[in-house]
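The values are calculated or read from the model by the stated rules, or taken from the named source; none is laboratory data. The structure displayed is predicted, hence computed values, not measured ones. As a convention, Cβ positions derive from the backbone with ideal geometry for all residues, glycine included, and neighbour counts pool all protein chains shown. All accessible areas refer to the heavy atoms of the entire protein, side chains included, with ligands and DNA or RNA removed. Shrake-Rupley method; radii C 1.70, N 1.55, O 1.52, S 1.80 Å.
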Amino acid sequence: MAVKDYLRERFFPHMWCPGCGHGTILNSLLRAVEELGLKKNDIVMTSGIGCSARISGYVDFHSLHTIHGRALAFATGVKLSRPNLNILVPMGDGDALAIGGNHFIHAARRNIDITAIVMNNRIYGMTGGQFSPLSGPGIKATTAPYLTIDSPFDVVKLATAAGASFVARSTAYHARESTEILKKAIAHKGFSVVEILSQCPTHYGRKNKEGDAVAMLEVQKNNTAKIGSKALAENPNLIPRGIFVQEERPEYCSEYDKIIQHAQQR
Amino acid sequence: MARKLKEHQINRDWCKGCGICVAFCPKQVLELDKHDKVVAVRPEDCICCKLCEIRCPDLAIEIILDEGEDND
């Protein structure tokens, strides 16, 4: 099947701004699904609220567009009732780690077989450019006209500490790499977290004078490096990309099945 | 064997003219026209790397290869 066969073409052109990285992430994700040869009927995508969350409307899978920050809670319910389905949960940075921060760490702790994708553009785009817990200090936002002072979460470290058994990072610029990582994340049995750095030229880019989408992609290219690379060893200020955690650990639905069996034996 | 191009299938209704494909094409095959839509102005230089196709945020470009090639 071609990538377009996984789209609900009647909703295109999509609502994302020109040059929005979320479109590229959708593109990379569909390629991963296509290359894995997954059937549309075996995939459920749940999403919350935000620009990123609109992604569930564009894919021709089973989809749930739910409430803000609760995409993982709904996904947990779907997965427990139908463990054979592949659950994809794309979320924005605010949706995943501010409003849904608690759901995020607890889903990771349970190691439930869900693929969480954090589409991190470091801003709330849909509501007009407020800063998020991933913005970091020294950036301009509607809610921080004199620059932010908050430290950001490191999604990779947070997910690792919370217990996710697959943790990776890529960027919209590295679209091919994103697809390869997403393939591994979807195939992984357990809670997978893939942070993909995205660009919001409309709000983040304009307020912080980062230029257009092309200039923002250049930043993703120049400010990141693969883990284990010479570039990263020489400049630790670069943001590392790649797979940080990939471990086999007891998965929640399998453990739950064992408890059901145990209870029925009594 | 080098892959051979048949055409750049560009969906002008979906293209929003962000210029990502134009900027990152290694062979400068693409340009934006006066309506800010992408066109393949030098298709003969295309090496079918598909970087435009995989990075397009609007899913508006598809590289169609010559018959007999694998058009994934």
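Rounded to the nearest 10 degrees, what's the angle between the helix A:21-36 long axis and the longest principal axis of chain A, both from Cα atoms, 0 to 90? Between the helix axis and the principal axis of chain A, the angle is about 30 degrees. With K and R counted +1 and D and E -1, the other residues having a Cβ less than 15 Å from that of A:S229 yield a net charge of +3. Computed across region A:3-265, the Kirkwood hydrodynamic radius from all distinct Cα-Cα pairs reaches 18.5 Å.
Between A:N235, A:N102, A:N208, the GNM of chain A built on Cα springs shorter than 10 angstrom shows A:N235 fluctuating the most. The magnitude of the dipole of chain B, with charges of +1 and -1 set on the Cβ of Lys/Arg and Asp/Glu and taken from the Cα centre, is near 300 debye. For A:H65, the accessible area of its heavy atoms, probed at 1.4 Å with every protein chain present, is near 100 square angstrom. In a DSSP loop and with at most 11 other Cβ atoms within 10 Å, the trypsin sites (Lys or Arg not before Pro) in region A:185-241 are A:K209.
Taking Cα atoms only, the orientation of helix A:101-110 departs from the longest principal axis of chain A by about 40 degrees. In chain A, the DSSP-assigned H stretches of four residues or longer account for a calculated mean residue ellipticity at 222 nm of -10000 deg cm²/dmol, using -39500 (n - 2.57) per stretch and the full residue count as denominator.
Per-residue SASA remark: A:W16, around 10 Å² accessible (1.4 Å probe; ligands, DNA and RNA not included).
Past the 31 Å Cα-Cα mark, which pairs from A:K184/A:K258; A:K189/B:K4; A:K40/A:K189; A:K221/B:K34; A:K184/B:K34? Long pairs (Cα-Cα over 31 Å): A:K189/B:K4; A:K184/B:K34. For chain B, the fraction of alpha-carbon pairs lying more than 16 Å apart is 41 percent, rounded to a whole number. The equivalent ellipsoid that matches the C-alpha gyration tensor of region A:122-173 spans semi-axes of 25, 13, 9 angstrom, in descending order. Note: relative contact order over chain A, using C-alpha pairs below 8 Å and six or more positions apart, is 18 percent. Assuming a ≥ b ≥ c are the square roots of the Cα gyration tensor eigenvalues, decide whether region A:1-86 counts as rounded (a/c under 1.5), prolate (otherwise, with a/b larger than b/c) or oblate. Oblate. Helix A:71-81 versus the longest principal axis of chain A: what angle, 0 to 90°, nearest 10, using Cα atoms? With rounding to tens, the tilt is 20 degrees.
When chain A is treated as a GNM with alpha-carbon contacts under 10 Å, the residue of A:G128, A:G23, A:G242 showing the greatest mean-square fluctuation is A:G128.
The alpha-carbon of A:K209 sits under 16 angstrom from the alpha-carbons of these aspartates and glutamates, leaving out residues fewer than 8 places away in its chain: A:E218. Can you give the FRET efficiency for B:K34 and A:E218, using 1/(1 + (r/R0)^6), R0 = 25 Å, r = Cβ-Cβ distance, to the nearest 0.05? Approximately 0.45, to the nearest 0.05.
Rounded to the nearest 0.05, the FRET efficiency derived from the C-beta distance between A:S229 and A:H106 at R0 = 35 Å is 0.55.
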